[in-house]
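Accompanying notes for the structure given below.
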Amino acid sequence: MNSPLWQAVLGEIELSVSRGNYLTWFKNTQLVEQTDEMVVIGVPNVFIKQQLEKKFNDIVSQTLKKNGVNPKVIEYRIVAMDIKKHDDPDPILTQKPQTSTFTGVETINHSYRQGLNNRYNFDNFIVGSSNELAFAACQSIVANPGSKYNPLMIYGGVGIGKTHLIQAVGNAILASNPDAKVLYITTEQFVQEFVDALRYRKTTGFANHYRSADVLIVDDIQFISGKEKIQEEFFHTFNALYQANKQIIISSDRLAREIPIEERLQSRFAQGMSIDMQTPDFETRCAIVQSKANSSDIALPNDVVEYLATNINTNVRELEGALNQLLAFCEMRGLSPNLDIAVSVLGNSKNRPKHLSAKQIIERTAKHFQVSMEDILGPKRDKDIVVPRQIAMYMLRSELHLSFPKIARELGRKDHTTAIHSVEKISKETQLDASLRSAISEIKDRLYA
Ligand code: ADP
Ligand code: MG
């Protein structure tokens, strides 16, 4: 784990340089030493050292200064990198539409890279018997979009990797053909955009936008039921794309014929390939836990992996939630995960740890302190609002393991250093202040009840 200071600095630099530059020059750096006089930044090789010295020293020094550190000397030192990745790819950045992909030297802007999140790719998707067919179909589309399985429909329960896979197709197609117009949209967004287009009389623009895609990926199509006008619009979009041999990929929580929608749409959806996905089996769940822990650079003993995989067998999202809960618990106390800790963190709740959303945590915290959502998310700085806000940030860190920029964003803050300070402050205060501890544990009890 990198120091909070350096994480904050990196977070800001990430926002101000191109993604390619960030990944190449900054991602694998760490803070080695910090005194009043000097800051030593560890880098993996001489190449990076030179670049940082020559090209990026100013931005590093400015950003350090912004974070309250103003050393006389900044040294870049080559160190053995046992701790490589310090943070997950930040969702704020990766979800931004029109981000660019690093292609070696240049960065390219995909104006159509809309809705795709780089986090989802084939490499970090664990394949087992529950999803191997879907995985194979998705992969085979990449080579020849629009020709083989069209539409491809992936269906199955919540949290089992549908979104991950269909996004991975989009990302892989873009990687091999950066000019492809790949559009990913959730059905809810599609509905919302259509309603807006109607209201502002921009339906032609709306239709053209989607009909010009080379690959259209629509997530959770079941939400189109009960909305006739949208179904009609989607029917035409579908036909236009299909006739032009453009690839359509759809996900749903059930088979097409079980979605209460127009029959002609049902039959369109069913005319390609439909593949179901199941909850992963035990071995796959173990592999998933192992791989997620590895990607946070945490060595998880086998018995802990198996404990998680045995006890959380509903879906991958919950499995991830439980793992994050465990990792956050350990991180905040400086412990290495072991079976005893896993059992005590995850074992005693009657229900298995649920997947909580950031919103639930903020709402619960606000409610506990009788603060309105508007206030906790708003600009007011009164103490009786600031403290609950800080506690909410702390909980987002401890329960969901969110990155600081993400925590800041969830609470409507622009500056993620606020999140860092809040988490640190509350974390310290809980050690001294019993009433704060009990407030937090009460909020947690309610959340997990
Ligand atoms: P769904 O769309 O089916 O509800 P998601 O694709 O959102 O599910 O998956 C939930 C979470 O679990 C995501 O973070 C996803 O990356 C992860 N996940 C699901 N299946 C796998 C898998 N086989 N390997 C790695 N991660 C997975
Ligand atoms: Mg999904």
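The phi torsions of segment 412-427, fed into the Karplus equation with coefficients 6.51, -1.76 and 1.60 and a -60° offset, translate into couplings of x, 9, 7, 9, 6, 5, 4, 5, 4, 4, 4, 4, 5, 5, 5, 4 Hz, rounded to whole numbers, with Gly and Pro shown as x.
As a test of reading the structure, rank D220, D303 by solvent-accessible area (1.4 Å probe, protein chains only), most first.
Numbers: D220 40, D303 75 Å².
Most to least solvent-accessible, the answer reads D303, D220.
Heavy-atom accessible area for Y210, with the other protein chains in place and a 1.4 Å probe, reaches approximately 10 Å². Other residues with beta-carbon under 13 Å from the beta-carbon of V46 carry, at +1 per Lys or Arg and -1 per Asp or Glu, a net charge of +2. Computed over protein heavy atoms with a 1.4 Å probe, the accessible surface of the chain works out to 48 Å² per residue. Taking all protein chains together, H236, H164, H421 sort by accessible area into H421, H236, H164, largest first [probe 1.4 Å]. Per-residue surface analysis assigns T310 an accessible area of about 80 Å², computed on protein heavy atoms at 1.4 Å probe radius.
Pair-distance distribution P(r) for the chain, from all Cα-Cα distances in 10 Å bins starting at 0: 4, 18, 25, 27, 19, 6, 1, 0 percent. Per-residue accessible area (protein heavy atoms, 1.4 Å probe) orders F369, F56 as F369, F56, starting from the largest. Compute log10 of I(q)/I(0) for segment 91-276 with the Debye formula, placing one identical point scatterer on every Cα and leaving out solvent, at q = 0.08, 0.11, 0.15, 0.17 Å⁻¹, to two decimals. So the normalised log intensities work out to -0.23, -0.45, -0.86, -1.11.
For the chain, relative contact order (Cα pairs under 8 Å, six or more residues apart, normalised by length) works out to 13 percent. In order along segment 136-149, phi translates into HN-Hα couplings of 5, 4, 4, 5, 6, 5, 4, 5, 9, x, x, 10, 9, 9 Hz, rounded to whole numbers, per the Karplus curve 6.51 cos²θ - 1.76 cosθ + 1.60 with θ = phi - 60° and x for Gly and Pro. Remark: segment 314-327, residue by residue, has Karplus-estimated 3J(HN,Hα) of 7, 7, 5, 4, 5, 4, 4, x, 5, 4, 4, 4, 5, 5 Hz, where x stands for each Gly or Pro and the curve is 6.51 cos²θ - 1.76 cosθ + 1.60 at θ = phi - 60°. Percent of Cα pairs in segment 282-346 per distance bin of 10 Å, from zero to the largest separation: 23, 63, 13.
For D276, the residues whose modelled amide H falls within less than 5 Å of its own, excluding neighbours fewer than 5 places apart on the same chain, are Y155.
Dipole magnitude for segment 4-85: computed about the Cα centre from +1 point charges on Lys and Arg Cβ and -1 point charges on Asp and Glu Cβ, it is near 300 debye. At a 1.4 Å probe, what is the % contribution of carbon and sulfur to the accessible area of the chain? Of the solvent-accessible surface of the chain, carbon and sulfur hold 49 percent.
Amide hydrogen proximity for Y184: with H placed 1.01 Å from N in the peptide plane, the residues at 5 or more positions away or on another chain lying under 5 Å are Q114, L116, I217.
Kirkwood Rh, Cα Rg: Rg to Rh for segment 358-448? So for segment 358-448, dividing Rg by the Kirkwood Rh gives 0.92.
The values are calculated or read from the model by the stated rules, or taken from the named source; none is laboratory data. Everything quoted here is computed from the prediction, not taken from an experiment. Don't worry about glycine lacking a Cβ; one is built from the backbone with ideal geometry, like all the others, and counts go over all protein chains shown. Keep in mind that these areas ignore ligands, DNA and RNA; they rest on the heavy atoms of the full protein, side chains included. Shrake-Rupley method; radii C 1.70, N 1.55, O 1.52, S 1.80 Å.
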